[in-house]
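The values are calculated or read from the model by the stated rules, or taken from the named source; none is laboratory data. As the structure is a computational prediction, the values presented were derived from the model and not from experiment. Cβ atoms come from the backbone with ideal geometry, glycine included; neighbour counts cover every protein chain shown. We work out accessible area using only protein heavy atoms, side chains counted, and drop any ligands, DNA or RNA first. Shrake-Rupley method; radii C 1.70, N 1.55, O 1.52, S 1.80 Å.
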Amino acid sequence: MTVAADPVTESPLADGRLDQTLASFNLTRDEYDRIVAGLGRAPNFNELAMFSVLWSEHCCYKNSRHLLKRLPTQGARILQGPGENAGIVAIDDEISIAFKIESHNHPTAVEPFQGATTGVGGILRDIFTMNARPVANLNSLRFGPLEDANNKRLFTEAVAGIAHYGNCVGVPTVAGEVFFDPRYSGNPLVNAMAVGVLYDGAIMASGAKGVGNPVLYVGSDTGKDGMGGAAFASRELDAASREDRPAVQVGDPFAEKLLIESCLEAFATGAIVAAQDMGAAGLTCSCAEMAAKGGLGMIIDLDKTPAREPGMKPFEYLLSESQERMLMVLEKGREQEAIAVFEKWGVPAVIVGEVTDDGRARFLHRGEVVVDVPAALLTDDAPSYPRGEHPPEPAEARARRERDPETGMTALETQDVGAWLERLMGSPNIARPGGVFGQYDRHVRNNTLLASERHGSGVIRLRRRNGEFSGMALAMTTDCNARYVALNPYSGAVSAVAEAARNLACVGALPLAVTDNLNFGAPEKPEIYYQLYYAIEGIKDACLAFETPVTGGNVSLYNEHSGAPILPAPVIGMIGLIENDAAIAAPGFVAAGHEIALVGRFLPTLAGSEYQVLQGAALSGEPPDVCLKTETALIAVIRRLIADGLLASATDVGMGGLLTTLAECACIGSACDGPPFGLSLQDDALSALGEGLSLATLLFGESNGSYVLSYPRERREAIAKAFADADLTWTPLGQVTDGATLRWGAIHLDLGTACERWRTGLDLRDA
């Protein structure tokens, strides 16, 4: 391929528009000077556009990648850690798991249906680009209160978008979480996670290989949707952000389904030696990253690139984030072998360039070189902005954390317990999100063993390459209590990892690895950088304790609206292995007559609790303490008891506290929408647990590291011995009964109304 000797050098400096152009591209003057130094000349408009997206926070993590280096990424099962499209964990010699989580927050804020839809499509491409078949979706959704009409619109349309894409592409959505708080108004969070299975370690990497090898464009035509989406995702939202709707992509799930099948079949031929999804920053990112990772160069002819409309300008090709597109490197001489597979599936596939040996990313348009830059300058040499080690806690944050969490609250009286339980059970943060998960196909492909509707684990059976069930299952979850992180970023992040590990343990799974999605505000603000720094430190320490390396993820900063930051949310996606798919505990009570026990460290507090917020008190206090040594010991015992078939149900004491957890277990375990189980609880357990605590803290305070278990009476001795041998606290609470009443000392409640509130508290038909 012949090219002109010099690139087009039409510089934005030519007519004095540099400052205006830099502002529109979200680049600083210092960054521009760095580009000039790296190129040895001024960039032209097309090149500057490329730097604007690849040097954005969304792509290069310039405010966070120095912090991410502290996370543990190695482990005996890790086949692929950070640096590729997804992390990969080995299950056995044949089966491996690819998984990753990413955000689509800003697009959802301005175009909720397509923003959420393309979030699902993008994370699925990260999975099958690695040569893994997607087998499950999860999500973590955070929005403003639904009483606000705009929040209601954003949420309902985003959920519809997630359901539309996942259902059409045929990948079940098996778990997730929803959370509502005023600080997500105007800037919701949509974090999408996907999980896939690959066999025999046949990983498809993205680094370009082989000088002279052809470059193949696969998938949908390039249009003008998603223009500059990566840069858009790297700045704060404000009242004018709806004008950025062209930065939101448009998804086509059926095109994605064809892309999945054709890519996996084409990879199997061996004719493809590297592949990259055209996600954030589109053609710019895929070309530059593939070239830089391979230590090679790449030249692409934009005139050969399939386009949706005539007359597109070079920067439109380069910045477009049109969906369902891939870039691949083929082994020279095997072009038709690969292209024939895509033609079979009706997927466009066109050779648009070749791999070079000069380390440069070059693009041609109408016979001229319109971009000629070192690939590494766009990627590896992007700026990084360390803001100091161990940033001090801002005075306002410290004062908020040290304030008595019960300040401004009305004391809870025994006669009011029932009313407060009903209010908590009906809170959208606790209620069953049937209106959400009811829209998702949770059982397509017939692998789903458990689909969790709220703050729990989804479980799928694992198949061998020949399609037979392996006898093993994979559990997965997404978790984070953002209020805890707002009060104490370190312990809040530890709590998020621990919560994920507990959710896996409750179905009998061994935690394996983590993918994280770090959602924060603008890092230039001292309190935000403090939150980010110590949240990462907390994730590091917790992942070391649980032996769950971080295989990758996403950082989403500048989550603010009109200058107000979100509640910080370092969302943890975790996967775990169940070695016997027949040994899974239920999430709720399953039979009258079963005994109930509370195990672990029960140290409840109202700080950051749902009760504190519903009381109208300010978010304050020190959030629940986490003891990682106790957490790991508890997980080991609970997993062993489930594997041995001794436990009927297991759930950790979560949002809403002990009484709410017990009531949830009674509701979950009832047949379909029938009456809940009843509970007969021991008076001495109430007095022993409540020593030194207010009634509100005992019943509705939240705690880390404690579980509610149920089991047949004849298994009590063996279960109690297991916890005693491990020196772990064991407190019998009572038993499950028929009927819908709860009796605990002076507390006598009808659980029927509370259960109805739980079942209908997040019914989107009324939202």
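Restricting the stretch 162-188 to residues that are part of a helix (DSSP H, G or I) and touching an Asp or Glu at 6+ places or on another chain (Cβ under 9 Å), the residue that is surrounded by the fewest Cβ atoms within 10 Å (Cβ to Cβ) is Pro182. The stretch 677-754 holds helices (runs of 4 or more DSSP H) entirely within its bounds, and those carrying 3 or more residues that are among the small types (Gly, Ala, Ser) map to 683-689, 716-725. When the stretch 443-491 is filtered for residues that are over 23 Å from Leu512 (Cβ atoms) and small (Gly, Ala, Ser), the ones remaining, listed by number, are Gly467, Ala482, Ala486, Ser491.
Report yes if Asp380 is open to solvent by 40 Å² or more (accessible area, probe 1.4 Å), in contact with a Gly (Cβ under 7 Å, 6 or more places away or on another chain), in contact (Cβ under 8 Å) with a residue 60 or more places away in the chain and not hydrophobic (A, V, I, L, M, F, W, C), otherwise no. Spell out how you get there, then give the answer.
On the way: open to solvent by 40 Å² or more (accessible area, probe 1.4 Å): yes; in contact with a Gly (Cβ under 7 Å, 6 or more places away or on another chain): no; in contact (Cβ under 8 Å) with a residue 60 or more places away in the chain: yes; not hydrophobic (A, V, I, L, M, F, W, C): yes.
The answer is no for Asp380.
One line per residue, one yes/no per condition, for (1) without any contact (Cβ under 8 Å) to a residue 24 or more places away in the chain; (2) buried (at least 22 other Cβ atoms within 10 Å of the Cβ); (3) outside any loop (DSSP other than H, G, I, E, B):
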| site | (1), (2), (3) |
| --- | --- |
| Gly279 | no, yes, no |
| Cys285 | no, yes, yes |
| Ala291 | no, yes, yes |
| Glu309 | no, no, no |
| Leu318 | no, yes, yes |
| Lys332 | no, no, no |
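Note on the stretch 189-208: residues that are in a strand (DSSP E or B), of a type in the set (A, V, I, L, M, F, W, C) and open to solvent by 40 Å² or more (accessible area, probe 1.4 Å) amount to 0.
Only residues that are farther than 25 Å from Asp181 by Cβ and either without any contact (Cβ under 8 Å) to a residue 40 or more places away in the chain or not hydrophobic (A, V, I, L, M, F, W, C) (or both) were counted across the stretch 410-466, and they come to 16. Number of residues in the stretch 138-155 that are part of a helix (DSSP H, G or I) and either open to solvent by 40 Å² or more (accessible area, probe 1.4 Å) or more than 30 Å from Leu258 (Cα to Cα) (or both) equals 5. Every residue in the stretch 528-554 that is among the acidic types (Asp, Glu) and part of a helix (DSSP H, G or I), please. Scanning the stretch 528-554 gives Glu537, Asp541.
Report yes if Glu691 is surrounded by fewer than 21 Cβ atoms within 10 Å (Cβ to Cβ) and over 27 Å from Asp416 (Cβ atoms), otherwise no. It is false that Glu691 is surrounded by fewer than 21 Cβ atoms within 10 Å (Cβ to Cβ) and over 27 Å from Asp416 (Cβ atoms).
Being more than 30 Å from His390 (Cβ to Cβ) and more than 19 Å from the chain's Cα centre (by Cα) is true for just one of Ala475, Ala505, Ala545. Which residue is that? Walk me through how you get there before you give the answer.
Numbers: Ala475 fails: more than 19 Å from the chain's Cα centre (by Cα); Ala545 fails: more than 30 Å from His390 (Cβ to Cβ).
Answer to the check: Ala505.
Of the residues making up the stretch 113-137, those that are assigned to a helix (DSSP H, G or I), of a type outside the set (A, V, I, L, M) and either surrounded by fewer than 24 Cβ atoms within 10 Å (Cβ to Cβ) or in contact with a strand residue (DSSP E or B) (Cβ under 8 Å, 6 or more places away or on another chain) (or both) are Phe113, Gly115, Gly119, Gly122, Arg125, Asp126, Phe128. Residue count for the stretch 355-377 satisfying the condition of being of a type outside the set (D, E, K, R), surrounded by fewer than 21 Cβ atoms within 10 Å (Cβ to Cβ) and not in a strand (DSSP E or B): 3.
Criterion first (open to solvent by 30 Å² or more (accessible area, probe 1.4 Å) and either under 15 Å from Phe602 (Cβ atoms) or at pLDDT below 95 (or both)) does Ala724 satisfy it?
Values: open to solvent by 30 Å² or more (accessible area, probe 1.4 Å): yes; either under 15 Å from Phe602 (Cβ atoms) or at pLDDT below 95 (or both): no.
It is false that Ala724 is open to solvent by 30 Å² or more (accessible area, probe 1.4 Å) and either under 15 Å from Phe602 (Cβ atoms) or at pLDDT below 95 (or both).
Of the residues Leu695, Leu751, Leu742, which single one is under 35 Å from the mean Cα position of the chain (by Cα) and in contact (Cβ under 8 Å) with a residue 12 or more places away in the chain?
On the way: Leu695 fails: under 35 Å from the mean Cα position of the chain (by Cα); Leu742 fails: under 35 Å from the mean Cα position of the chain (by Cα).
Sole residue among the options that is under 35 Å from the mean Cα position of the chain (by Cα) and in contact (Cβ under 8 Å) with a residue 12 or more places away in the chain: Leu751.
Just one of the listed residues (Ala49, Ala42, Ala23, Ala109) is assigned to a helix (DSSP H, G or I), surrounded by fewer than 19 Cβ atoms within 10 Å (Cβ to Cβ) and among the aliphatic types (A, V, I, L, M), namely Ala23.
Of all residues in the stretch 673-695, count the ones that are touching a strand residue (DSSP E or B) at 6+ places or on another chain (Cβ under 6 Å) and not aliphatic (A, V, I, L, M). Step through it out loud before you land on a result.
Filtering the stretch 673-695 down to residues touching a strand residue (DSSP E or B) at 6+ places or on another chain (Cβ under 6 Å) leaves 677-682, 685-686.
When the remaining residues are screened for being not aliphatic (A, V, I, L, M), the result is 677-678, 680, 682.
Summing the residues that are touching a strand residue (DSSP E or B) at 6+ places or on another chain (Cβ under 6 Å) and not aliphatic (A, V, I, L, M) in the stretch 673-695 gives 4.
Run down Arg17, Arg70 and say which single residue is modelled with pLDDT of 95 or more and either closer than 20 Å to Asn554 by Cβ or open to solvent by 50 Å² or more (accessible area, probe 1.4 Å) (or both). Only one candidate passes the filter, namely Arg70.
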